[in-house]
């Protein structure tokens, strides 16, 4: 598994458009306690509201890593960022990047890291030595968020559910499968970058055996009905052995965004596909909730859609940005108890 | 796509056990016309029945590649093979290997290849630049062999069907997704070595748009119900957009060999899963046959099982080693015709 050294100095470089700094905002929103400060170049126009710090100050304050929190078009590291990256590495901060450019390709950065005793961590590169999945049941409980398509809230939903579980005093970990998730969590595996043979083995490694009442809340990827990424999704489902699935959907979509010739089937059909797949490695897998992204709806239509979907699927339905997920948590925890202890 | 230079000099090295030379026997059986000869070291005890040739003679006779036709335990290139490999590269023969050891790691081989103008081809390494799959329908017809488990005849079945189609005068290509298949065909993509994001894109690349009456017969990999490899299988199914599926099964297996805690469901359930998956990218996908490996049965039990399975699944059922696949071909070709031309 990739493991990052916290706390972070969040590098915003010269970014001017907030949407290119999504990762940085995600860190601020979901790992605020792990972010010591932000490092911005002179022309930067985005502000996370964190203290501005240079690498030396961050290192003195105990920072473990400089995390590149932006993703410009093309995903490359710009030349003008290099002095800041070198300075951070010289100070002993690990440099963490999810961009296409490998950190080793930045002139002088490997040497600076060696001198500073820092690591260069390319989050797109999966860890070595992943096994082939074996499908043997592991102890502990697992929830996996799954979706009708890409980019409709699987990470956000998992973060919300993990937070809600912990707020109840339940032992729970968010398990990250994508770059931003790995930065937020400080650990994880970029599942879509794994060699195909090791897909489910990577997912098995990501959520290892745990205490019987511990929940891993696993960030889903792709979709079983996405013509490009379904293989990734199936490997993740099989390796995760989820006890609980939460299906994420954006009701404004009727087709796969990347493949508009492919219609999204009714939610109950999609849920059935996921359950069929999940039960290969966990015959007890159940759908426990539906997470809808209703940002395009007014309050009345939101309430009516959430209610209607809950009735259709027979599970609680919520919008993680707008409504409560507590009923999902209630049901999960009740159903996960031994029969004798259920109320 | 990986493309190999034919014809071949088949390298048997110092192998003593025929089962370690499966790839070489596969080449002899399925690509006999492409095999100029065999190259054996002194201690070799396996004989393909091909003319013995040294690299210089093979090069003079027009050979394009020396193909390593054996896979010893551990999958490594032994030191004692090196002189023969170097001599072949010096003569201008491409060196083709499906072993774990990369050819570049054999001391002196890269230099010898440079001098000889030869390429070093590691078949485990997928081609660069594979796209993400888009699921857009392509012209031409495709058959994919799929299975209840690994290693039960998907490659063999595909080879038999491709040969039978060509024997009818149908334009047909065997499309290889594994190492032996790639050597037999001279081209292909090792699908299980592809980075997960590009799985179905690799399958799309493997069987490109073709004439409307052309058939690509695609070698299946893994199984949708294998806990380690199902992601590979699903990506291959989606990218192949098969019009026709042939389900391969070994009736002596009741569980997944690598995962004996996972039972193999009834064949109709497995077939339904494959059809559900395939229809995402090809709504016309149909099951056209079942291929059974009945080597453990006597003639009477074979006939009865084939008949029973055909009745259960509603499609012709054959054993590619023992019985004819012609009824599958009949049905495929009839159903692939426009309605007006069907008899």
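No value in this document is a laboratory result; all are computed from the given coordinates. Bear in mind the structure is a predicted one, so any value in this text is a computation, not a measurement. Counting neighbours? That spans all protein chains shown, and the Cβs are built from the backbone with ideal geometry, glycine included.
Starting with the highest mean, order B:39-49, A:147-157 by the number of other Cβ atoms within 10 Å, averaged over the residues of each peptide.
A:147-157, B:39-49
For a test of the definition: using alpha carbon positions, the gyration tensor, and the 1.5 limit on a/c, classify the range B:223-316 as rounded, prolate or oblate.
Judged from the Cα gyration tensor, the range B:223-316 comes out oblate (a/c at least 1.5, b/c at or above a/b).
With both partners inside the protein assembly as shown, how many of the DSSP beta bridges are antiparallel, as a percent to the nearest 5?
10
Compare the peptides A:279-288, A:172-181 by average per-residue count of other Cβ atoms within 10 angstrom and give them in order, highest first.
In descending order of packing, they fall as A:172-181, A:279-288.
What is the range B:1-47's relative contact order, in percent, from Cα pairs under 8 angstrom and six or more apart in sequence?
Value for the range B:1-47: 55 percent.
Compare the peptides B:196-203, A:204-211, B:243-250 by average per-residue count of other Cβ atoms within 10 angstrom and give them in order, highest first.
Those peptides, ordered most packed to least, come out B:196-203, B:243-250, A:204-211.
Can you tell me the FRET efficiency between residue A:17 and residue A:163 if r is taken as the Cβ-Cβ distance and R0 is 22 Å, rounded to the nearest 0.05?
0.20
Could you state the number of Å between the C-alpha centres of the range A:297-316 and the range A:59-79?
Here the two parts' Cα centres lie 40 Å apart.
In nm, to one decimal, how far is the modelled label at residue B:128 from the one at residue A:296, with both set 7 Å along Cα→Cβ?
Between residue B:128 and residue A:296, the label points sit 4.0 nm apart.
Once the piece of chain linking residue A:5 and residue A:333 is laid out straight, how much longer is it, given 0.36 nm per residue of separation minus the C-alpha distance between them?
114.9 nm
Rounded to the nearest 500, what is the protein assembly as shown's calculated 222 nm mean residue ellipticity when only DSSP H runs of at least 4 contribute -39500 (n - 2.57) each, over all residues?
Result for the protein assembly as shown: -9500 deg cm²/dmol, rounded to the nearest 500.
Across peptide A:132-138, what mean number of C-beta atoms from other chains lies inside 10 Å of a residue's C-beta?
So the per-residue partner count for this stretch is 5.
Which distance in nm do the two modelled labels at residue B:61 and residue A:322 give, with both placed 7 Å along the Cα-to-Cβ direction?
7.4
Please state the relative contact order of chain B as a whole percent: Cα pairs under 8 Å, 6+ residues apart?
Over chain B, the number comes to 14 percent.
At what distance in nm do the modelled label points of residue B:268 and residue A:284 sit from each other, each positioned 7 Å from its Cα along Cα→Cβ?
Distance between label points: 3.1 nm.
Give the angle, between 0 and 90 degrees and rounded to the nearest 10, that separates the Cα long axis of helix B:326-336 from the longest principal axis of the Cα atoms of chain B.
Taking the Cα atoms of chain B, the angle to B:326-336 is about 70 degrees.
How far is residue B:263 from itself in the other copies, in nm, if each label sits 7 Å out from Cα along the Cα-Cβ line, shortest first?
Computed spacing set for this position: 3.6 nm.
Rounded, prolate or oblate: which fits chain B, taking a ≥ b ≥ c as square roots of the Cα gyration tensor eigenvalues, rounded meaning a/c under 1.5, else prolate when a/b beats b/c?
prolate
Go ahead and run the numbers for FRET between residue A:79 and residue B:312, Cβ-Cβ distance against an R0 of 51 Å, rounding to 0.05.
Approximately 0.20, to the nearest 0.05.
Between residue B:115 and residue B:303, what FRET efficiency follows from the Cβ-Cβ distance if R0 is 41 Å, with the result rounded to 0.05?
0.10
Looking at chain B, what % of its DSSP beta bridges pair antiparallel, to the nearest 5?
Counting only bridges with both partners in chain B, antiparallel ones make up about 10 percent.
Using the alpha-carbon centroid of each, what span in Å lies between the range B:166-237 and the range A:115-188?
What the calculation gives is 31 Å, centre to centre.
I need the shape label for the protein assembly as shown. Rule: rounded when a/c is under 1.5, else prolate if a/b > b/c, else oblate, with a, b, c from the alpha carbon gyration tensor.
oblate
Expressed as an acute angle from 0 to 90° and rounded to the nearest 10, what is the orientation of the C-alpha long axis of helix A:230-240 relative to the principal long axis of chain A?
For helix A:230-240, the angle is close to 80 degrees.
Within 10 Å of each Cβ of B:233-243, how many other protein chain Cβ atoms are there on average?
Mean partner-chain Cβ count within 10 Å for B:233-243: 4.
Could you give the angle, 0 to 90 degrees to the nearest 10, between helix B:267-278's Cα long axis and the longest principal axis of the Cα atoms of chain B?
Computed tilt is about 80 degrees.
For the range B:141-341, give the share of DSSP beta bridges that are antiparallel, in percent and rounded to the nearest 5; count only bridges with both residues there.
10
Please compute, for peptide B:186-198, the average count of beta-carbon atoms on other protein chains lying within 10 Å of each residue's beta-carbon.
Partner-chain Cβ atoms within 10 Å, mean over residues of B:186-198: 5.
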